[in-house]
Amino acid sequence: MSGAGPYRYLFSPLRIGPLTVPNRVVFSAHLTNYAQDGLPSAQHAAYYAARAAGGAGLIITEEHSTHPTDWPYEKLIHGFRPEVIPGYQRITRAVHAHGVPILAQLNHNGGQASGMFSRLPVWAPSPVPDPLFREVPKAVEEHEIREIVAGYALVAGHCAAGGFDGVELQCSHSSIVRGFLSPATNRRADRYGGPLANRARLLLEIVAAVRAAIGPGLALGVRICGDELIEGGTTIDEAVEVARMAADTGQVDYINTSIGVATATLYMIEASMQVPPGYAMYIPAAIRRAVSLPVVGVGRFKDPKQADRALAAGQCDLVGVVRGQIADPDFTAKARVGEAARIRTCLSCNQECVGRMGLNRWLGCIENPRTGRESVPLPAPRRGGPGRRVYVVGGGPGGLQAAVTAAGRGHRVTLFERSGRIGGQVAVAASVPARAEFGDLVRNLAAEAARLGVEVRTGFEVSAAFLRAEAPDAVVLATGARPARPWWSGGHPRVADVREVIDGSAAAAGSVIVVDELGFHQATSAAEMLADRGCSVEVITNGMVVGQDLGVTLDLETWNVKAHAKGIRQRTDVVVLGSREEDGRLVLSAQHHPTGTALELACDWAACAVPAQPEDTLWRELRDGGDGSGGAAGGGVPFEVHRVGDCLAPRRAHAAVIEGERVGAAL
Ligand SMILES: Cc1cc2nc3c(=O)[nH]c(=O)nc-3n(C[C@H](O)[C@H](O)[C@H](O)COP(=O)(O)O)c2cc1C
Ligand code: SF4
């Protein structure tokens, strides 16, 4: 292998069966929820085209259902319907315009699904319910197996007619083929169960049928789970054997890999920042040693150097960069021209991609407000013309994004930050155990702001008088939120906000109760940090689970493992009703709301993750104390005033970034 620029391997072309890919970066398959009524949409085409324009070497679309019994989530592409073909053609035309090949992923999710949408029983090798869907599947009979195989061939034919360069069979983390391959879910005693040669029969039949449907001119890939990480499931040795069997057919052009089972061990497939990068590379490395086909390695490739190193080490022939290109469509192009430092590196936060999938929302990205909106044009600037003088007040993600977008549109932007460093709450959030990568949100934006010539003035408190005197053309307020004491605190000095506990301005010590009303990282992060400092920690929540929303970002498993390891106790369904000082201790009166039981919880400190209040003092001063000349603030200032993020309404970081972009684009 060889390649141009600072990367020895990344930019070397590779032959994959009948295809040649220009480089080794694959935009591997992932759900988007962009489908409309089971059909591919204009958003699909714009989304994939943006990654092709950004230099990806190969694009593999999300899965296309191969059979009406497979409809596990609402916005799945129903590949078995011939009406998909025009939508396929729209996607492939848009991607091919950039000279990039594109494959379609074919799948039947088998028992990892529910019949709630299809109103049909789900199909699987054996009646083994999936732990997430908890639905007992119908064990398929031989004639139904033939129907499954025919379904794959039918959809492969639709893909060929739709202009795809080939197809990939999802036999990995959520698939009826995986269900047959895995000893954990295949309990059959017929010729499709028992020894691996039998369990792999369905895969081999599908390979033969699909190859017959697409002919020799299109590429055929097989995606395999290398390690299911479940009791009695497939492990790497069997996975290698499966790869060898697929390769031995002589009909498969490449092997893609993954790790985990989408429902039981999903947190390892789309690993969050709690899991180290490169964690899954033992899988492609082992498969690559056993087969002579190109092998794709996937999992937390964050930057092109890391990808190039994996190629150099012989761990894989291609690198799947999924969230990395959801976050920055130009990941590859920036690396190619030596501007890798400009890549908006994915945070592996899962907040707007994986998190939204689980909630039936379209795919987005916390870092990239354009993700999911590629087909929607940005608003036209309100007054037109670049060169306006824009003052942004506040250096958190909302202010930074507004500054970057406005500067990108040619305005002269100055950003003011009251404290000595930019970052706002993100800097606090990134300072706790295993959350440092969240800080890349600010680092990426700050680098872009510097590149675009935004003047950043830290340690500068902006007043209404200053703004009036300066009279810029537009002011964007991104002044954030301030901690609010819960109503029950009674002003007790040892009831603090988690932010104050994390940044050290409240010296919580001894036994600490962390009150989780936000259901996200705030309480769990503070609890971990306090435990690491030697405190005795209990987290209480009015919800059913501590850190409830960590479930959708796939952080709940790692939180619970760490909480146990660190001796952090958890108590759910508890509402705090009051606090008092007693014998030198802080006592919280609380109620276990399902039973009405009164509780008295003694501690030294309470650290509260509770809703914050908008820091909108400056906004109100501009609105109320104006000079009567009008303005967007509704009061009297001779310039536009906009608010973004928490100073408007305290929410999570994605909202600040989206509003920063929206306002910055409209100036
Ligand atoms: C939102 C989302 C949906 C996914 N859906 C699929 C899918 O339909 N088929 C599939 O084979 N992999 C799917 N994956 C897994 C990815 O292909 C990939 O293995 C995983 O994201 C790890 O790569 P990354 O760290 O580069 O994101 C999905 C990943 C994400 C983030
Ligand atoms: S939302 Fe987070 S994990 Fe998902 S692509 Fe964006 S930065 Fe990466």
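None of the figures in this text is laboratory data; all of them are computed from the coordinates on show. It should be emphasised that the depicted structure is a prediction, and the values quoted were computed from it without experimental measurement. Virtual Cβ from ideal backbone geometry, glycine too; neighbours counted across all protein chains shown.
Plainly put, segment 362-471 has a radius of gyration that is 1.00 times its Kirkwood radius, both from alpha-carbon atoms, as the Rg/Rh ratio. For segment 46-96 versus segment 214-229, the spacing of their alpha-carbon centroids is 17 Å.
Could you tally the net charge around Arg361, taking each other residue with its Cβ under 11 Å from the Cβ of Arg361, Lys/Arg +1 and Asp/Glu -1?
On the way: positive: Lys75, Arg356; negative: Glu74, Glu352.
Net charge around Arg361: 0.
Each 5 Å bin, from zero up to the one with the longest distance, holds this percent of the alpha carbon pairs of segment 174-332: 2, 9, 18, 20, 20, 16, 10, 4, 1, 0, 0. Between amide H atoms placed 1.01 Å from N, distances below 5 Å from Val393 occur with Phe416, Val476, Leu477, Ala478, all of them 5 or more places distant or on a separate chain.
Test of understanding: express the Cα radius of gyration of segment 1-63 as a ratio to 2.2 N^0.38 Å, with N the residue count.
Working it through for segment 1-63, the quotient is 1.34.
Every Cα-Cα pair in the chain was counted, and those over 36 Å apart are 45% of them.
Summing Lys, Arg as +1 and Asp, Glu as -1, what charge do residues with Cβ under 9 Å from the Cβ of Ala124 carry, Ala124 excluded? Residues near Ala124 contribute 0 overall. Excluding same-chain neighbours fewer than eight residues apart, the lysines reachable from Lys334 by a Cα-Cα span under 26 Å are Lys302, Lys305. Here's how it looks for Gly79: its modeled amide H is under 5 Å from those of Ser65, which are all 5 or more places away or on a different chain. Averaging the Cα positions of each part gives two centres, and for segment 549-592 and segment 120-144 these lie 39 Å apart. Taking only the Cα atoms of segment 84-231, the ratio Rg/Rh comes out at 1.00, with Rh defined as the Kirkwood radius.
With r as the distance between the Cβ atoms of Leu577 and Gln613 and R0 = 25 Å, compute the FRET efficiency 1/(1 + (r/R0)^6) and round to 0.05. Don't jump to the answer; show the numbers that get you there.
Working: r = 21 Å, r/R0 = 0.85.
So, using R0 = 25 Å, E works out to roughly 0.75.
Our coupling estimate for segment 175-185, obtained by passing each phi through the Karplus curve with A = 6.51, B = -1.76, C = 1.60 and θ = phi - 60°, is 6, 5, 5, 4, x, 6, 5, 7, x, 6, 10 Hz, Gly and Pro reported as x.
Could you calculate the contour length gain from Val337 to Glu74, that is, 0.36 nm times the residue separation minus the distance between their Cα atoms, to one decimal place in nm? Mind showing how you got there, number by number?
Numbers: separation 263, 0.36 × 263 = 94.68 nm, distance 4.01 nm.
Answer, rounded to one decimal: 90.7 nm.
Any chance you could run the full-extension gain for Tyr282 through Ser536? It's 0.36 nm times the residue separation minus the Cα-Cα distance, nm to one decimal. Contour length minus the Cα-Cα distance gives 87.6 nm.
If R0 equals 30 Å, the separation of the Cβ atoms of Ser118 and Thr249 corresponds to a calculated FRET efficiency of about 0.45.
Across segment 314-358, Cα-Cα pairs farther apart than 17 Å form 42% of the total.
With 5 Å bins beginning at zero, the pair-distance distribution over Cα atoms of segment 424-564 amounts to 2, 8, 15, 18, 17, 13, 10, 9, 6, 3, 1, 0 %.
What does the charge count around Leu550 come to, taking other residues whose C-beta lies under 11 Å from its C-beta (Lys +1, Arg +1, Asp -1, Glu -1)? Each step should come with its number before you reach the end.
Working: positive: none; negative: Asp516, Asp549, Asp555, Glu557.
Local charge sum for Leu550: -4.
Spacing of the modelled spin labels on Ala312 and Ala602, each 7 Å from Cα toward Cβ, amounts to 6.0 nm. Helix 521-532 against the longest principal axis of the chain: what's the angle in degrees, Cα atoms only, rounded to the nearest 10? Taking the Cα atoms of the chain, the angle to 521-532 is about 80 degrees. The average projected area of segment 485-639, computed from the convex hull of its Cα atoms over all directions, is 12.0 nm².
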